[in-house]
1. Which condition number in (1) in a helix (DSSP H, G or I); (2) farther than 26 Å from Leu177 by Cα; (3) of a type outside the set (Asp, Glu) is the one that Ser56 fails?
2. If we scan region 140-147, do we find a residue that is among the acidic types (Asp, Glu) and surrounded by fewer than 19 Cβ atoms within 10 Å (Cβ to Cβ)?
3. When you scan region 143-197, how many residues do you find that are modelled with pLDDT of 85 or more, within 30 Å of Arg57 (Cβ to Cβ) and among the small types (Gly, Ala, Ser)?
4. With respect to the numbered conditions (1) farther than 22 Å from Val37 by Cβ; (2) of a type outside the set (Phe, Trp, Tyr); (3) modelled with pLDDT of 85 or more; (4) buried (at least 22 other Cβ atoms within 10 Å of the Cβ), which one is the sole condition not fulfilled by Val208?
5. Would a scan of region 139-148 turn up a residue that is acidic (Asp, Glu), within 18 Å of Leu169 (Cβ to Cβ) and either in contact (Cβ under 8 Å) with a residue 60 or more places away in the chain or part of a loop (DSSP other than H, G, I, E, B) (or both)?
6. Look through Val179, Val157 and report the one residue that is part of a loop (DSSP other than H, G, I, E, B) and either under 15 Å from the mean Cα position of the chain (by Cα) or surrounded by fewer than 19 Cβ atoms within 10 Å (Cβ to Cβ) (or both).
7. If Leu116 satisfies all but one of (1) closer than 13 Å to Thr137 by Cβ; (2) at pLDDT below 85, what's the number of the condition it fails?
8. Between residues in region 193-208 that are more than 10 Å from Cys72 (Cα to Cα) and touching a residue at least 40 places away in the same chain (Cβ under 8 Å) and residues that are of a type in the set (Gly, Ala, Ser) and surrounded by fewer than 22 Cβ atoms within 10 Å (Cβ to Cβ), which pairs lie under 7 Å by C-beta distance while being six or more apart or on different chains?
Amino acid sequence: MRCATASVLIGLVLLLAVLGSPFPQIGMGIVGLICLVEWLLIFVKQAQPGSRISESRLLWGAFGAAYIAAACWGGYLIYAQAGLWVSLWLLVSVWAADSTAFLVGSSVGGPKMAPLISPKKTWSGALGGVLAPVLVTLVFQGLDLVPRTGLFLASGVGLALISIAGDLLESVAKRKLGVKDSSGLLPGHGGMLDRVDSLLAVWLAGAVVIWLWV
């Protein structure tokens, strides 16, 4: 419960920094910069002085930096094109998915979803994480903050799946570079990148949707 509560509080702080700013691009830029610095530190953390950096490590380092930059750009594009309420819907849905997945997974348990990548994730938690954004979407639709269409409601499920994929992707990348947490910026919760890994994936996917159809 404490971990889920902390995630929500951290999310609210990020929300104020990103969407509460007169210049949201600055807030997103700060989030992106912190994540990029953390990724750079991960990249160099295990490197031995004078040793040759492997090609695999270089590829993962370059991929991570490009991914973070593109995702933060995507977050601002969503805000600029779709507006405040859609951006807020994405943020709340991702945090609801993360928190619900943790609470359900830790309470119900059951088979592990990806034990070699992220040992704590369970299929029961994933199911809870998928349902949460649908409920969030229904609330936002009920308040007329987002379109009242079945397609938009169904996108809540897709959002949750992308959120899970983003979390697993970061876990794979960190394992490839030999670290557990992106940093100790948030004591007991890792770094900024550990808190926004799901959101980055959703921002990037949302930007692709906007680029293709808007």
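The values are calculated or read from the model by the stated rules, or taken from the named source; none is laboratory data. Remember, predicted model here, so these are calculated numbers, not experimental data. Counting neighbours? That spans all protein chains shown, and the Cβs are built from the backbone with ideal geometry, glycine included.
1. (2)
2. Looking for residues that are among the acidic types (Asp, Glu) and surrounded by fewer than 19 Cβ atoms within 10 Å (Cβ to Cβ), one finds at least one in region 140-147, hence yes.
3. 3
4. The number of the failed condition is (4).
5. No, region 139-148 has no match at all.
6. Val179
7. That leaves (1) as the condition not met.
8. Arg195/Ser7
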